[in-house]
């Protein structure tokens, strides 16, 4: 009993740590990569988040690499995919924070705020942040492929937040990205 | 195919680019590199004389840019296995020795220049990472085939 409580506290602490870290250093902590730095996070010309997630987290590439039976290639593949997956989660989390910040600023001036809709949105935002923190933690511990469904859920939730806020420019970028390949 | 007269000028320029130029290039990776080569390094703007003469410089620029982005998106969405096939086709098309090309690409990373501007940073990261992995897979295959060659070249001797 005390052991499981200690495990739960450790996990909660780790998630909290990731949440804080995520808030302090969003999206760009691999700053050495010049080509990536030149491109802004979530620029308009992106694949829809859920599609990008399923490409990153798909087990198809891992299975292909495993066919080579080269442990060096497998290690390299896992390290590379872990980096991309972590970057994607941090980017999603950062973008969601930006969208909510913009929304808060706009809603201060809005005369007809719906408490129900705002509560639902806040809950979705909290859920997304929690999922992002858990994803980051799980990617580091278990690797990116144990999390395909969780990642798709993050992508779908992020898209839903974008759909709920068509008046926020940053959120409409999510929609336009989705429409590009729709 | 749609009538070019009824299409918008940009769409017509894009169709023309695909029909006259890109269809003659063997794979999407080579098309991406070709389109990146039509972009000025200093200004980031695209130039294509033939296309500009037919549709005007602005339409030509937009057609090149949007086609470049579309091909990049296609390549990012490809499974690694298919990207390796793309890279293999590109190596064959280049007429360079595969070992030399793989070495140069790993050292100089010229594929970074092929990334269109203003793309999503995760897509860029995934593309660069996948190209790096595809190069490793290709080199691995090269080494394996070289290891197999001496054994297979003995076959005719053993058969005598």
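Just so it is clear, none of the values below were taken in a lab; they were calculated from the coordinates. Worth saying up front: this structure is predicted, and the values here are computed from it rather than measured. Every residue, glycine as well, gets a Cβ built from its backbone with ideal geometry; the counts of neighbours run over all protein chains shown.
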Legend entry - Mean Cα-pair separation over length for the stretch B:9-146, i.e. relative contact order, pairs under 8 Å, 6 or more apart, %: 28
Inset, instruction - Provide the three semi-axes, in whole Å and in decreasing order, of the ellipsoid equivalent to the stretch B:9-146 as defined by the square roots of 5 times the Cα gyration tensor eigenvalues. - result: 29, 15, 13
Inset, instruction - As a check on your grasp of the helix formula, calculate [θ] at 222 nm for chain B: sum -39500 (n - 2.57) over DSSP H runs of n ≥ 4, divide by the residue count, round to the nearest 500. - result: -23000 deg cm²/dmol
Legend entry - Shape category assigned to the stretch A:42-101 from the gyration tensor of Cα positions, a/c cut at 1.5: prolate
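Using only atoms on other chains, find how many Cβ atoms lie within 10 Å of each Cβ of peptide B:111-120 and report the average.
5
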Inset, instruction - Please order A:73, B:75 by the number of other Cβ within 10 Å, starting at the fewest. - result: A:73, B:75
Inset, instruction - Return one number: the angle in degrees, 0 to 90 and rounded to the nearest 10, between the long axis of the Cα atoms of helix B:80-94 and the longest principal axis of the Cα atoms of chain B. - result: 90
Legend entry - the stretch B:23-42 versus the stretch A:90-131: alpha-carbon centroid distance in Å: 41
Inset, instruction - For chain B, find the longest principal axis of its Cα atoms and tell me its angle to the long axis of helix B:121-159, 0 to 90°, nearest 10. - result: 30
Inset, instruction - Divide, for the stretch A:43-144, the radius of gyration over alpha carbons by 2.2 N^0.38 Å, where N is the residue count. - result: 1.42
Inset, instruction - Give the angle, between 0 and 90 degrees and rounded to the nearest 10, that separates the Cα long axis of helix B:57-77 from the longest principal axis of the Cα atoms of chain B. - result: 40
